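The next block holds one structure in the form of structure tokens; read it before the comments.
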Amino acid sequence: MRTHVQNTPNDPEFAISEDMWTRLGGPSPASFADDEAGFRAGMAEAAFLVTSTAALSKYLPCDAPHLKMIFCTSAGLDRLAPFDWLPPGVALVNNSGVHGARAGEYAAMALLMLAGKMPQMIAAQQAGRWEKHYGSVLAGRRIAVIGTGDLGAAAGRMARAFGMRSVGVRTQAVPHPDFDETVAVADLDAVLPEVEFLFLAAPLTPRTQGMIDRRRLGLLPEGAFVINYGRGALIDQDALCDMLDSGRLGGAVLDVFVPEPIPAGHRLWTTRNLVITPHVAADDPKTYAADSVKLFLVNLAAFEAGKAMPNLFDIVRGY
């Protein structure tokens, strides 16, 4: 059965090349393209599609009479919702698991920057002021991580390495090895007044959209910190900016936004004690494409053996 690999145009750092495919043991026959004509031609014969959400959303709907599985080189597939375009019987698979190592290091960086008062010192440097801001160690401080999947677990492991007291917030309060304790989302309001660091790592679904609203931000202690590398729509951006500008919150590191890219002149660019990274937290161009191919092969082997695919995406839950 044929596999088609559809790369995103003008994104060579994350492209899956024919050489890489062969070296990693990708199945044959396989076709490769980065344009619409190549996509349409490839899908006419493909049983398996490996592609980015950007490419897939651009070329939907498509005629794919032999298609059995779509493997997306992204963990969050919210940009493809609603999933009424998905042909009946076709499995939708994501690449959750590829992002953990890079995301963990980003989490460590963000925690250390906030604890070390780096946003304040960056602002002083830009203003040409010699201004001392003393940081504090992370050990013993309390962090809540919303979302305990690949990204959230990576943050939990880093928090534990720093000696922080961590709570993972998930759909149900089932224990998780990377957190000292877990609570259900339904109990989030009781947790927020006790945490100094709020870390957002949840997928974007109808249930999680806007879950950190102005009221919940107001439950955080004075001077608390916020980190978000889940999705921008998880949080009320304007409320966060208001509380940063007023000094109610101590600082934030954000990697995801609404909209993306951030337009020129947007208030985010000048919000007090905010560090912005342009949606790069969990993607390593040195490993991302190869690791995605390896994960595709794991899921393909499970599919061909009639076993459960570890990365099968649940379109009802949204992850």
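Points to keep in mind about this one:
- Residue within region 51-64 that is in the same structural domain as LEU300 (by TED's automatic domain parsing), buried (at least 19 other Cβ atoms within 10 Å of the Cβ), at pLDDT 95 or above and over 26 Å from the mean Cα position of the chain (by Cα) present: yes
- Of the numbered criteria (1) assigned by TED's automatic domain parsing to the domain that holds LEU220; (2) loosely packed, with under 14 Cβ neighbours inside 10 Å; (3) without any contact (Cβ under 8 Å) to a residue 24 or more places away in the chain, the one VAL316 fails is (1).
- Checking LEU114 against (1) closer than 24 Å to THR148 by Cβ; (2) under 16 Å from the mean Cα position of the chain (by Cα); (3) of a type in the set (A, V, I, L, M, F, W, C), the condition it does not meet: (2)
- Test result for LEU86, surrounded by fewer than 21 Cβ atoms within 10 Å (Cβ to Cβ) and closer than 12 Å to VAL293 by Cα: no
- In region 94-105, the residues that are surrounded by fewer than 24 Cβ atoms within 10 Å (Cβ to Cβ) and either aromatic (Phe, Trp, Tyr) or outside any loop (DSSP other than H, G, I, E, B) (or both): GLY100, ALA101, ARG102, GLY104, GLU105
- When the test is whether a residue is of a type in the set (D, E, K, R), farther than 20 Å from SER292 by Cα and in contact with a Phe, Trp or Tyr (Cβ under 7 Å, 6 or more places away or on another chain), GLU36 passes it.
- Selection count where residues are of a type outside the set (S, T, N, Q), under 23 Å from PHE225 (Cα atoms) and under 18 Å from the mean Cα position of the chain (by Cα), scope region 266-303: 7
- Looking across MET121, MET109, one residue alone is modelled with pLDDT of 95 or more, surrounded by 15 or more Cβ atoms within 10 Å (Cβ to Cβ) and over 17 Å from the mean Cα position of the chain (by Cα). It is MET121.
- Of all the residues in region 229-241, those that are assigned to a loop (DSSP other than H, G, I, E, B) and either in contact with an Asp or Glu (Cβ under 7 Å, 6 or more places away or on another chain) or more than 22 Å from GLY100 (Cβ to Cβ) (or both) number 3.
- For region 187-228, the candidate set comprises residues that are closer than 21 Å to ASP283 by Cα, among the aliphatic types (A, V, I, L, M) and touching a Lys or Arg at 6+ places or on another chain (Cβ under 9 Å); within that set, the residue that is surrounded by the most Cβ atoms within 10 Å (Cβ to Cβ) is ALA202.
- Residue check, ARG231 charged (D, E, K, R), surrounded by 14 or more Cβ atoms within 10 Å (Cβ to Cβ), under 26 Å from PRO82 (Cα atoms) and in contact (Cβ under 8 Å) with a residue 24 or more places away in the chain: yes
- Here the helices (runs of 4 or more DSSP H) wholly within region 146-228 that include at least 3 residues being touching a strand residue (DSSP E or B) at 6+ places or on another chain (Cβ under 9 Å) are 150-161, 188-191.
- Screening SER17, SER28, SER57 for residues that are closer than 17 Å to ASP284 by Cα and of a type in the set (S, T, N, Q) leaves exactly one candidate, SER17.
- Residue satisfying condition, being surrounded by fewer than 20 Cβ atoms within 10 Å (Cβ to Cβ), of a type outside the set (A, V, I, L, M) and out of contact with any Pro (no Cβ under 6 Å at 6 or more places or on another chain), within set ASP255, ASP245: ASP245
- Among the conditions (1) surrounded by fewer than 20 Cβ atoms within 10 Å (Cβ to Cβ); (2) out of contact with any Gly (no Cβ under 9 Å at 6 or more places or on another chain), ALA81 misses just one, which is (2).
- Filtering region 228-282 to residues that are among the charged types (D, E, K, R) and closer than 24 Å to VAL169 by Cα leaves ARG231, ASP236, ASP238, ARG248, ASP255.
- Test result for ALA91, out of contact with any Pro (no Cβ under 6 Å at 6 or more places or on another chain), buried (at least 23 other Cβ atoms within 10 Å of the Cβ), aliphatic (A, V, I, L, M) and under 30 Å from PHE296 (Cα atoms): no
The values are calculated or read from the model by the stated rules, or taken from the named source; none is laboratory data. This is a predicted model, so every value here is computed, not measured. Note that we place each Cβ from the backbone using ideal geometry, even for glycine, and neighbour counts take in every protein chain shown.
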